[in-house]
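Below is one structure, written out as structure tokens; the observations come after it.
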Amino acid sequence: MTSHQIRQAFLDFFRSKQHLIVPSAPMVAKNDPTLMFNNSGMAQFKDFFLGNGTPPSQRLADTQKCLRVSGKHNDLEDVGFDTYHHTMFEMLGNWSFGDYFKKEAITWAWELLTEVYKLPKDRLYVSVFEGNQKDGVPFDQEAWDLWKGIVGEDRIILGNKKDNFWEMGDTGPCGPCSEIHIDLRPEADIAGVSGKSLVNNDHPQVVEIWNLVFMQFERKADGSLIPLPATHVDTGMGFERLCMAIQQKTSNYDTDVFRNTIGVLETLSGKQYGANIEPFADIAMRVIADHIRAVAFAITDGQLPSNVKAGYVIRRILRRAVRYGYSYLGFQEPFFHKLIPIIADQFKDVFPELKAQEDFVTKVILEEEKSFLKTLESGLKRLDTITSTLTAKGLTVIEGTEVFELSDTFGFPVDLTALIAREKGFQIDEEGFQNALAAQKNRSRQDAAKEATDWIELRDADDIAFLGYDFEETHSHIVKYRKVKTKTGEEYHIVLDRTPFYAEMGGQVGDTGELILNSEAHGTKSVRIVDTKKENDLFVHISRDQHLDEALQQAGPVVARIDTARRNRIKSNHSATHLMLSAMREILGSHVGQKGSFLNDEVLRFDFSHFSKVTDEELEKIEDRVNEKIRENIALEERRNVPIQQALAEGATATFGEKYGDFVRLIIFDPKYSFELCGGTHVPSTGEIGVFKFISEGSVSAGVRRVEAVTGEKALEIMRRQEETLNKIKDLLKNPTDLVKSVESLLEERAALQKKIAVLENEKIQTLKTALINSMETHRTFNLIVKKVEVPTADSLKQLSYELRDQVENLIAVFGTEIGGKPQLSVFIAENIVQETGLNAGKIVKELAREIRGGGGGQPFFATAGGSDASGLDLALEKAKGLF
């Protein structure tokens with residue numbers, strides 16, 4: 001069977017068991033603060049397990065795009081080195097929400113594997129949870145008895161909490177599980193060692209292919225387990241491993257899931273996979289064949305490579321692949337993007353979103369490759385220098401500051417440096433790297449972490465209703481609340497059964513307003529709501545009012561009221577965004593697609609796919625087109641609960657990477673102009689927007705531009721401020737007849753003066769340089785200059801040091817100066833001295849900076865520091881003389 005047939009057989013099998021087949025959620029997690037990426041098949045169904053939503057059917061099946069490269073589930077370091085771990089993988093799953101349980105799940109799993117896929121029964125083993133006394137969870141007797149009747153006791157293995165108790169994270173749904181393993185070893189190996197003894201022992205050919213999770217519990221924040229309201233089934237079968245088993249291969253990478261990609265790499269590199277001539281070439285091909293899928297689908301689902309959070313994860317994966325291609329396949333030019341067409345074609349029937357964005361994804365990856373390749377060679381050379389120096393000293397650990405330099409200067413993610421170091425027989429100082437990173441950022445990444453208590457349940461609610469499309473005020477009841485400690489104080493998170501408050505989604509900020517609490521004991525109390533967020537399909541109203549526990553617990557009916565004026569300004573910005581996107585596609589081209597947005601009551605910010613700067617003329621045309629549609633005063637046509645396939649068939653615009661349900665909401669301002677899927681709030685007619693005005697345009701990343709704009713009163717306010725500024729400039733210039741020419745003349749005069757100043761400053765530097773050489777102390781192995789100098793800027797210290805380097809061999813130079821009343825230090829050490837002695841300018845300048853109450857750093861051969869106490873300069877320079 002081909003991989004396509006294997007996937008289809010799974011879906012057809014569970015369709016025959018009355019399961020509804022649902023599409024994969026985006027790989028990039030949406031509306032779930034606990035995840036950056038969907039790392040399992042059950043992630044998109046988490047709300048259903050928690051009872052916060054209703055599934056479209058009690059029985060579902062799908063294939064889900066998953067990514068495991070961060071957090072608890074992290075397989076990145078194994079990818080390429082073994083034959084069965086992946087970053088992105090497909091998880092085939094079938095689900096029961098309060099319907100069938102262990103008996104059906106186990107029986108059907110065995111039927112599919114042995115009767116449909118024809119896997120040999122004597123090669124299969126199953127595991128059952130042995131229980132955990134600490135958690136108070138007993139041995140899974142029911143699963144044991146069911147499996148015993150199918151496979152017999154000799155093929156059942158008892159598993160511990162690590163292997164047979166599934167948890168999505170530190171909190172949330174969990175339960176015991178039964179895993180199904182297959183022994184793919186040759187007959188000769190099977191005769192020697194029982195496959196049962198190799199289960200869960202990382203044998204590359206005795207692998208888990210299916211995990212049947214029986215959801216019975218919820219893990220709370222304090223570690224305790226409570227029963228879920230109903231029992232559920234959550235199964236996950238690794239598609240790639242299943243293909244390996246059915247196609248009788250010894251590696252996932254030998255299946256047709258990866259072989260076409262590897263074939264392209266063989267053609268591009270001229271190397272043959274599996275030839276056993278260059279083992280690292282095989283590893284490189286596996287890494288690249290795996291990583292291209294992860295990067296391509298992450299970008300497709302809306303996550304562009306960047307330097308922060310989820311974007312940094314994708315950039316790490318991409319750079320890991322590019323480095324392997326560079327080092328072991330001889331790719332000196334961009335190559336990674338060339339694999340996109342084959343991936344897009346391979347998955348066009350199951351994940352068509354990549355095919356639809358093929359050109360965009362290709363261009364983003366190409367730009368990322370170009371950027372990294374510019375520094376890759378120099379970074380590898382720098383790493384070679386570091387390891388050569390360590391080898392000469394008999395050391396095996398790369399210092400954290402040098403790891404940080406490779407990250408900060410050459411763009412090497414720390415795990416990439418660690419990987420290359422291991423290949424050379426070295427380790428990295430992880431703690432030192434983290435310290436260097438923390439010093440640069442001045443605070444830990446965890447500063448924004450929140451501590452939350454468990455929800456305090458006040459009443460049952462079968463459904464949470466959002467009524468904000470139609471009402472600005474509702475009469476509601478409090479369902480539950482919790483207290484959250486933040487760095488700035490304490491917050492209350494409140495959930496209502498009915499709310500007019502729009503929760504932050506789709507780029508639109510959450511509503512603010514007030515809750516009027518009514519109780520017999522306390523009368524009425526107003527609670528200020530400062531934000532509204534969506535968490536696992538709950539609308540969470542956030543208040544920073546204090547001491548609300550008693551009032552919340554005793555509250556009867558609640559009046560929920562939004563800030564109407566603020567909402568109206570937000571509506572204007574959101575509707576203007578729709579008009580603007582249509583105008584962009586009309587004027588810039590149909591390739592333009594939304595890549596991100598943010599809008600509040602002040603401004604709208606919009607990221608979109610486009611590969612060149614939007615010119616002033618183009619911006620003006622877009623602006624004119626939007627204002628034309630505003631003046632037409634087009635009435636909003638809103639359609640709710642439209643089947644998504646119908647909406648797309650009618651031509652509605654969808655945002656790739658967004659998770660849409662089976663039924664969607666349409667926002668239409670003239671079906672021939674703006675026709676989009678959207679859950680946000682909008683003006684009843686375009687005339688209410690008033691006016692639309694761009695305020696900025698720029699680049700976000702490769703292939704993505706960003707514009708900011710304002711509407712209505714805010715646009716008028718900005719135009720008035722600009723007019724006031726223009727009038728002030730005219731007054732300062734004595735009302736010239738041609739303001740532009742007058743400003744140009746001033747700029748030319750300023751540039752001429754700056755050139756004169758630069759000449760004078762350089763003359764001063766040359767005079768100073770001569771005096772310093774004359775005062776130089778000559779030692780046996782080096783020449784030393786330690787002086788307090790007068791220079792105009794901090795850059796002048798660097799210029800002075802580098803010019804002296806070109807004239808003086810074996811130079812060590814330490815300079816101190818005051819610039820604007822602030823002390824500055826610099827340390828220069830000739831590179832040959834650094835290599836021979838191990839002296840480090842960065843470490844030395846940090847030591848000297850203590851005397852001026854400051855800090856600094858840099859490279860081993862040149863470093864600078866600043867401080868706050870200029871009186872310590874002389875002490876710092878005296879200390880420097882004693883160091884050499």
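Which of rounded, prolate or oblate describes the range 574-622 when judged by the alpha-carbon gyration tensor and an a/c cut-off of 1.5? Intermediate values should be presented prior to the final figure.
Details: a/c = 1.71, a/b = 1.50, b/c = 1.14.
Because a/c hits 1.5 or more and a/b exceeds b/c, the range 574-622 counts as prolate.
Stokes-Einstein D for the range 627-694 at 25 °C, 0.890 mPa s, Kirkwood Rh over Cα pairs, in µm²/s? Display every interim value, and only then the final one.
Working: Rh = 12.8 Å.
Value of D from the Cα-based Kirkwood radius: 192 µm²/s.
Based on the mean of other beta carbon atoms within 10 Å per residue, what is the order of 78-88, 482-492, 797-807, most packed first?
Descending packing order for the listed peptides: 78-88, 797-807, 482-492.
Can you give the convex hull volume per residue for the Cα atoms of the range 587-726, as a whole number of Å³?
Measuring per residue, one finds 123 Å³ for the Cα hull of the range 587-726.
Which three extents, in angstrom, do the Cα atoms of the range 768-881 have along their principal axes, listed largest first?
35, 29, 22
Work out the charge dipole of the chain with +1 on the Cβ of Lys and Arg and -1 on the Cβ of Asp and Glu about the Cα centre, then indicate which of P643, L517, G593 is farthest towards its positive end.
G593
Given the range 768-881, what percent of its DSSP beta bridges are antiparallel, to the nearest 5?
That works out to approximately 75 percent antiparallel.
Using θ = phi - 60° and the Karplus curve 6.51 cos²θ - 1.76 cosθ + 1.60, what whole-Hz ³J(HN,Hα) does each residue of the range 564-570 get, with Gly and Pro shown as x?
For the range 564-570, the Karplus curve yields 5, 4, 5, 4, 5, 5, 5 Hz.
Which log10 I(q)/I(0) values, to two decimals, does the chain give at q = 0.04, 0.06 Å⁻¹ under the Debye formula with one point per Cα?
So the normalised log intensities are -0.24, -0.55.
Using r as the Cβ-Cβ distance of E831 and L760, and R0 as 30 Å, what FRET efficiency do you calculate, to the nearest 0.05?
Efficiency, rounded to the nearest 0.05: 0.40.
Along the Cα→Cβ direction, 7 angstrom out, place labels at V308 and N132. What is the inter-label distance in nm?
Taking the two extended label points, one gets 3.5 nm.
Treat the range 740-831 as a sphere of radius equal to its Kirkwood radius over Cα pairs and apply Stokes-Einstein at 4 °C in a medium of 1.567 mPa s; give the translational diffusion coefficient in µm²/s, rounded to a whole number. Provide the component values of the computation, followed by the final result.
Details: Rh = 14.8 Å.
Roughly 88 µm²/s, to the nearest whole number.
Which order do peptides 665-678, 775-788 fall in by mean Cβ count within 10 Å, highest first?
Working: 665-678: 18.8, 775-788: 14.2.
Ranked by mean Cβ neighbours within 10 Å, highest first: 665-678, 775-788.
Could you list E748, E142 so that the one with the fewest beta carbons within 10 Å of its beta carbon is first and the one with the most is last? Walk me through the intermediate numbers first.
On the way: E748 10, E142 15.
In order of increasing Cβ crowding within 10 Å: E748, E142.
Using bins 5 angstrom wide from zero, how does P(r) for the range 710-770 break down, in % of all Cα pairs?
Result, from short to long distances: 4, 15, 13, 11, 12, 10, 11, 8, 7, 5, 3, 1, 0 percent.
Would you work out the charge dipole size for the range 587-726 about its Cα centre, treating the Cβ of every Lys and Arg as +1 and the Cβ of every Asp and Glu as -1, and quote it to the nearest 20 debye? Before the final figure, lay out each step's value.
On the way: 18 positive and 25 negative charges, 83 e Å.
The dipole of the range 587-726 has a size of about 400 debye.
Filter the trypsin sites (Lys or Arg not before Pro) in the range 60-139 to those in DSSP coil with at most 15 other Cβ atoms within 10 Å of their Cβ, and list the result. Each step should come with its number before you reach the end.
On the way: sites: K65, R68, K72, K102, K103, K118, K121, R123, K134; in loops: R68, K72, K118, K134.
Answer in residue order: K72, K118, K134.
If you restrict to DSSP beta bridges whose two residues both lie in the chain, what percentage is antiparallel, to the nearest 5? Can you show the working numbers first?
Values: 129 of 148 bridges.
Around 85 percent antiparallel, to the nearest 5.
Determine, for F165, F471, the number of other Cβ atoms within 10 Å of each Cβ, and report the residues in order from fewest to most.
Ascending number of Cβ neighbours within 10 Å: F471, F165.
Just the number, please: percent antiparallel of the DSSP beta bridges in the range 461-547, rounded to the nearest 5.
Among the beta bridges of the range 461-547, antiparallel pairing accounts for roughly 95 percent.
Show me 104-112, 551-559 ranked by packing, highest mean number of other Cβ atoms within 10 Å first.
On the way: 104-112: 19.0, 551-559: 17.2.
Taking the mean over residues of other Cβ atoms within 10 Å, the ranking is 104-112, 551-559.
Work out the FRET efficiency for H522 and E713 from their Cβ-Cβ distance, taking R0 = 41 Å, and round it to the nearest 0.05.
The formula returns an efficiency of 0.60 here.
Rounded to whole Hz and in sequence order, give me ³J(HN,Hα) for the range 747-756 from the Karplus expression 6.51 cos²θ - 1.76 cosθ + 1.60, θ = phi - 60°, writing x for Gly and Pro.
My calculation for the range 747-756 gives 5, 5, 5, 5, 4, 5, 5, 5, 4, 5 Hz in order.
What 222 nm value per residue comes from the helices of the chain, counting each DSSP H run with n ≥ 4 as -39,500 (n - 2.57) and dividing by all residues, nearest 500 deg cm²/dmol?
Details: 26 runs with 339 residues, N = 884.
Theoretical 222 nm ellipticity from helices: -12000 deg cm²/dmol.
Can you classify the range 451-562 as rounded, prolate or oblate using the Cα gyration tensor, where a ≥ b ≥ c are the square roots of its eigenvalues, rounded means a/c under 1.5, and otherwise it's prolate if a/b beats b/c and oblate if not?
rounded
For K485 and K881 in the same chain, what is the full-extension length gain: residue separation times 0.36 nm, less their Cα-Cα distance, in nm?
Length gained, K485 through K881: 137.4 nm.
Over the range 505-573, how many percent of alpha carbon pairs lie in each 5 Å bin up to the one with the longest distance?
4, 15, 23, 23, 17, 10, 6, 2, 0
Please get the size of the charge dipole for the chain, origin at its Cα centre, with Cβ charges of +1 on Lys and Arg and -1 on Asp and Glu, quoted in debye to the nearest 20.
1420 debye
Quick check on the exposure proxy: order S699, S609 from fewest to most C-beta atoms within 10 angstrom.
On the way: S699 12, S609 22.
Ordered from fewest to most neighbouring Cβ atoms within 10 Å, S699, S609 come out as S699, S609.
Points 7 angstrom from Cα along the Cβ direction at T385 and D795: gap in nanometres?
Once both label points are built, they end up 2.3 nm from each other.
Hey, can you grab everything whose amide H is under 5 Å from the amide H of T235? Only 5+ residues off in sequence or another chain; H modelled, so Pro and N-termini drop out.
Counting only residues 5 or more places away or on other chains, the set is N94, V213.
What is the range 3-257 by shape, rounded, prolate or oblate, if you read a ≥ b ≥ c off the alpha carbon gyration tensor as root eigenvalues and call it rounded for a/c under 1.5, prolate for a/b larger than b/c, and oblate otherwise?
Details: a/c = 1.38, a/b = 1.24, b/c = 1.12.
The shape class here is rounded.
Read the figures in this text as sums done on the coordinates, not as results from a lab. As the structure is a computational prediction, the values presented were derived from the model and not from experiment. Quick reminder, even Gly has a Cβ in these numbers, built from the backbone with ideal geometry, and neighbours come from all protein chains shown.
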